[in-house]
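*Asks:* Here's a structure for you.
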Amino acid sequence: MTSLDRRHFIKQCGLGGAGALITARYAFAGVERTDRRFVCVILRGALDGLAAVPPHGDPDYVRLRRELAIAAPGQTDGALPLDRTFGLHPALGFMHESYLAKELLVLHAVASPYRERSHFDGQDVLENGTTVAHSSQTGWLNRALGVLPKSTTHGREAGVALGQNVPLVMRGPAAVASWAPSTLPNLSDDTMQRIADRYASDPFLGARLADALATDAIATEAQGDEDMGDMGDMKKRPASASVKSNPAPRTNAAYVETVRTAAGFLKRDDGPAVAVFDTSGWDTHANEGGGQGQLATRLGALDGALRILREQLGTTWQQTAVLVVTEFGRTAATNGTRGTDHGTGAAAFLLGGAVAGGRVVADWPGLSAASLHEGRDLRPTTDLRSVMKGVLADHLGIASGALDSEVFPQSGSVKALRGLIRA
């Protein structure tokens with residue numbers, strides 16, 4: 001048997017998958033196509049929105065946050081200025097650049113319908129798109145894929161999930177591709193040839209193998225031969241970020257690998273319109289830090305990952321919207337271990353070339369004792385579902401009726417927040 005290199009072998013094995021992609025392209029011939037892309041990033045563990053987007057202009061902020069308060073803009077480790085009330089954490093240099101370029105919307109005092117403080121239940125409500133935890137086995141983003149206009153779907157799968165498991169938000173009847181970073185060594189060419197020969201005649205397993213290898217080929221192409229080095233040393237990080245403690249190399253490499261692979265899928269002409277990935281470690285009960293410290297390190301890694309996503313997407317970035325959300329916020333006041341506990345109102349971010357940015361969207365309730373939810377949390381004033389509806393409607397063209405009844409069941413009273421996407 002003639003020896004094949006790994007890339008050629010994958011292409012050979014992916015013929016069945018490639019045929020399906022070609023079929024999809026022909027199926028949409030004559031239909032107006034869109035190059036719009038949507039990425040959903042879930043921050044698991046409850047991001048401290050009052051640190052990520054400090055309301056330095058609120059007179060009660062410093063009183064509640066004490067040593068964890070982010071200083072006002074212009075001071076050492078101070079916030080990056082947004083407006084008279086809000087700033088960005090100093091570790092979010094790329095986000096600040098995006099804000100100035102009018103490619104970032106900052107959303108504050110937002111929340112899902114969930115009002116308790118369990119991570120598991122809060123994440124379930126965030127992802128299932130209903131008002132009750134564990135009430136649905138499917139996610140709002142998968143249901144959205146099922147009602148996408150045909151002009152938005154390019155290949156066999158309209159979505160891709162990146163991570164060790166397909167998150168609930170992407171589970172459901174709509175077909176999605178999935179990819180996870182491998183923890184095993186690559187198989188030799190000889191072993192791959194033997195596996196392909198063994199299953200070539202099996203109509204089910206052969207097709208599944210071809211699909212898996214085709215997906216792997218996209219991921220491999222996206223990774224290329226580029227160095228996966230420490231994002232904390234990225235040459236493009238602005239001096240204003242001023243974060244001295246860099247993320248651990250393993251975390252950095254995982255971030256970089258994920259965002260490079262996501263971009264590799266999304267920028268293909270026949271690629272998915274939607275991608276989702278998540279990150280963990282945002283539960284900062286102790287030693288959270290202020291302008292520097294534990295949370296600053298995590299925010300810096302996230303900020304660097306988003307920068308790489310923009311760079312890797314190239315011109316596709318101009319048609320992309322990235323929504324960054326978390327299950328709930330954290331307490332307005334610090335606790336006894338120099339951290340914050342589970343809260344309610346949170347911050348979210350919408351960025352990308354397709355975003356009508358350069359604004360803070362917040363019906364700010366204030367942090368006075370009388371304004372706090374249950375006397376301890378930032379009171380939410382905007383339903384996250386209204387944000388999601390606005391993006392899905394204006395960016396991906398999903399009809400309002402489908403959003404109200406199928407994507408977010410029985411949510412007709414929650415109106416889409418419009419004007420988030422460039423016209």
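The values are calculated or read from the model by the stated rules, or taken from the named source; none is laboratory data. Remember, predicted model here, so these are calculated numbers, not experimental data. Cβ placement follows ideal geometry from the backbone for every residue including glycine, while neighbour counts extend to all protein chains displayed.
*Asks:* Would you please name the residue that is surrounded by the fewest Cβ atoms within 10 Å (Cβ to Cβ), looking only at residues in segment 134-147 that are touching a residue at least 60 places away in the same chain (Cβ under 8 Å), of a type outside the set (D, E, K, R) and not in a loop (DSSP other than H, G, I, E, B)?
*Replies:* For segment 134-147, the residue satisfying everything is G146.
*Asks:* Would it be correct to say that T261 is in contact (Cβ under 8 Å) with a residue 60 or more places away in the chain, over 18 Å from the mean Cα position of the chain (by Cα) and buried (at least 23 other Cβ atoms within 10 Å of the Cβ)?
*Replies:* no
*Asks:* Quick check, is D83 within 20 Å of the chain's Cα centre (by Cα) and either farther than 18 Å from L50 by Cβ or not in a helix (DSSP H, G or I) (or both)?
*Replies:* no
*Asks:* If you don't mind, another one. In contact with a Phe, Trp or Tyr (Cβ under 8 Å, 6 or more places away or on another chain) and part of a strand (DSSP E or B): is that true of V414 in this structure?
*Replies:* no
*Asks:* On to the next question. Within segment 110-133, does at least one residue satisfy the condition of being in a strand (DSSP E or B) and either at pLDDT 95 or above or under 22 Å from G343 (Cβ atoms) (or both)?
*Replies:* Yes, the conditions are met somewhere in segment 110-133.
*Asks:* Restricting the search to segment 400-411, which residues are surrounded by 19 or more Cβ atoms within 10 Å (Cβ to Cβ) and assigned to a loop (DSSP other than H, G, I, E, B)?
*Replies:* F408, S411
*Asks:* Residues A161, A177: which one is assigned to a strand (DSSP E or B), modelled with pLDDT of 95 or more and either within 21 Å of the chain's Cα centre (by Cα) or acidic (D, E) (or both)?
*Replies:* A161
*Asks:* Looking at G352, G375, G401, which one is closer than 25 Å to T85 by Cβ and without any contact (Cβ under 8 Å) to a residue 12 or more places away in the chain?
*Replies:* G375
*Asks:* Related question: Between E127, E103, E97, which is among the acidic types (D, E), over 18 Å from R298 (Cβ atoms) and surrounded by fewer than 24 Cβ atoms within 10 Å (Cβ to Cβ)?
*Replies:* Every option except E97 fails the conditions.
*Asks:* Let me ask you something else. In segment 380-399, what residues are touching a Ser or Thr at 6+ places or on another chain (Cβ under 7 Å) and either at positive phi or charged (D, E, K, R) (or both)?
*Replies:* R385, G397, listed by residue number.
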